[in-house]
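So the structure is just underneath, and the comments pick up after that.
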Amino acid sequence: MLTWMLRWYPADFRARFEPEMLAIIDETFASPMTPPKRAVCVAREAGGLAAGIAREWMTKLTADPIERARTLPDCRLMRPVGITRAEWAAGLKHVRVHPVNR
């Protein structure tokens, strides 16, 4: 359930933090626990994830991407070394770029 909840985070957040969050979840539940303690732990972690999901989406929808510092340049729009601006501009007509989902 907890790993499923990670998919609800914004993609840029997941790209940066998902491996670390998965490792923490695995580490937390690797130790033996009684069923009641495990249920409390799952509920606590699920609540934390739900709050984090809401917080990240609110931030994503209201903040400038640069302020969030998780937006990287679109490599498809970066001119490679050795290609003139004219050559690059002519080639961009064939590139489909989807608008950034804010």
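Nothing in this text is a laboratory measurement; each read-out follows from the coordinates by a stated rule. Keep in mind that what you see is a predicted model, and the values were worked out from it rather than measured. All Cβ positions, glycine included, derive from the backbone under ideal geometry; neighbour counts span all protein chains shown.
What number of residues within the range 12-39 are more than 13 Å from the chain's Cα centre (by Cα) and exposed (fewer than 10 other Cβ atoms within 10 Å of the Cβ)?
So the count comes out to 7.
Looking at Y9 and the list (1) in a helix (DSSP H, G or I); (2) surrounded by 13 or more Cβ atoms within 10 Å (Cβ to Cβ); (3) not charged (D, E, K, R), which single condition is not satisfied?
(1)
Being among the small types (G, A, S) and surrounded by 12 or more Cβ atoms within 10 Å (Cβ to Cβ) is the filter here, so list the residues in the range 40-60 that pass it.
A46, G48, A50, G52, listed by residue number.
Give all pairs with beta carbons closer than 8 Å in which a residue from the range 37-52 that is closer than 12 Å to L2 by Cα meets a residue that is among the hydroxyl-bearing types (S, T, Y) and surrounded by 11 or more Cβ atoms within 10 Å (Cβ to Cβ); count only pairs at least 6 apart in sequence or on separate chains.
C41/T28; E45/T28
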